[in-house]
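Structure record follows, encoded as structure tokens.
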Amino acid sequence: MRLPRPRPPRRLPGPRSLAGQLFAVQVVLVAAVVAVCAVFAYVSAGRQAEETARRQATAAATAVADSPAVAAAARAQDPTAALQPYCERLRRDSGVDFVVVMAPDGTRWTHPEPSAIGGKYLGHTGPALRGEVFAETHMGVLGPSVRVVAPVRDPARGGRITALVSAGITIATISEQLRDQVLALLGVAAAALALGGLGTYVVNARLRRHTHGMNAAELSRMYDYHEAALHAVREGLLMLDGDGRVALINDGGRELLGLAGDVVGRPVDALGLPEPLTGALRTAGPRVDELHLTGERVLVVNSAPVSGGRHRGTVVTLRDHTELQALSGELDSVRGFAEALRSQAHEAANRLHTVVSLIELGRAEEAVEFATAELELAQALTDRVVGAVAEPVLAALLLGKAAQANEHGGELVLTPDSRIDDGVIPPNLPARDLVTVLGNLIDNALDAAAQGHGAPPQVRVTARADGGELLLCVADNGPGVAADATAEVFRRGWSTKEAAGGGTARGLGLALVRQAVRRHGGTIALDRGPAGGARFTVRLPLRAAEGAVAR
């Protein structure tokens, strides 16, 4: 016997989407508003119907009481014969349910029900006997009714009250009229409910598309993830709307761009960023790994447009390239040192072969003289650099650049007034930045000197620390910089040579120099050197060194 397979347990339904919850709440709210309005309209309609009936009965009662024919009939022996046809005709014309004319003691002379004629009036007559017109709701022969009682004054008897008139409309008639109004009101309420429900459905269908059917808990969780991701990502994230205003920026973006305070909603032009970077952020097209400089950093910028049928904004990512660029500069320096050492090794091998050949030829004295002269020349350069510059990193950089210049047929000269003692460079002025500044200036000078007018390339370097500042001066004998290009020299991308392969690294060296100088509160100036070429003068404050001396 086969046992029936157990049914899988039913899954509990998950929470409704946010759009579904809002739809349910809005439908209930619309229904409640419509119901309240319907009840209010029903109560108002009931009061209005009763007031209308009272005014209608008052008009009929006062019209009969003011009629001279009624006063004359009250003096007759048989008032009913004259008044009954008149009251019935008036009742039908005025739309009231009854018009009763009675004697002052309440004896009916007329009534819609002939059997009730001669009977006592069921209601109050005291105020009317005192000359007042009053209204009341009272039980009568026809049932409960809204009635008005008015006195009849006879001018022939000195205005004495000779009869009373009562006109009214039954509650049943009022309720029937109110029922017709309620049916119309219910129709309007149902139409309003249907129209409100349809509008709510359309709005929530649109909301469902925008929220992708997620409920409130899922949206809240996504927002928490969004906030956590923005604060956790070290790379900068910047979102701009279609008008170029900042829509969102994370902590990394604020740090990399050097922004403080609330910048959301501000246009990119008002952030105080360098003009090339501002232009890159405002451009709607995509950008891939573009290098841009701020006051203190080298940034890699990537951007992509946000579009949904039209341009809605731009998403920009920022990466800090400063450290990598500094390491790249150091690597270039090390590569230059290696090339200089290889060149020197090659030259040393040639000289060694020359010395060996002179010895083999029996010219020992010439061999000793040749070797000694070469050794003294190399040692003199080393002694001059090391003696003037006690900072080991700068000394190594100058020796390497001197060898590099010599390899390319040029000369690097350290001026006699150069002097940097040991311990003068403060800790807040790292050797990496000094290598960036001096190394790029020397490389730029060697390139410019190589474009001279036939004269051997020469670069003169002054490195001096005195007066509380570090002076680095590099001059060449190249063609110099045109006067109209002085302001453009330090702009990223400026160069007198084309970048190999269309790369973007060309023209970055001087921009990095200015960035490093600004970062340490220094200045850089460009003018014409003694040999006619360009001369760059950098001054960096040595505040930390002064503080150390004061202590």
Please give the length that would be gained between Ser44 and Val315 if that part of the chain were fully extended, namely 0.36 nm times their separation in residues minus their C-alpha to C-alpha distance (nm, one decimal). 91.6 nm
Note to self: with every protein chain in place and a 1.4 Å probe, region 238-316 gives an accessible area per residue in Å² of 48
Report the relative contact order of region 29-167, percent, no decimals, based on alpha-carbon pairs under 8 angstrom and at least 6 residues apart. 26
Calculate, for region 409-462, the solvent-accessible area per residue in square angstrom, rolling a 1.4 angstrom probe over the heavy atoms of the protein chains. 45
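Can you check what the net charge comes to around Arg130, using other residues whose Cβ is under 14 Å from the Cβ of Arg130 (Lys, Arg +1; Asp, Glu -1)?
Around Arg130, the surrounding residues sum to +1.
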Could you state the accessible area per residue of region 69-210 in Å², with a 1.4 Å probe and every protein chain left in place? 51
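The values are calculated or read from the model by the stated rules, or taken from the named source; none is laboratory data. None of the values given here were measured: they were computed from a predicted structure. Cβ sites come from the backbone with ideal geometry, for glycine too, and all protein chains shown count toward neighbours. The protein model used for the area step is the full one, side chains on, heavy atoms only, and it has no ligands, DNA or RNA in it. Shrake-Rupley method; radii C 1.70, N 1.55, O 1.52, S 1.80 Å.
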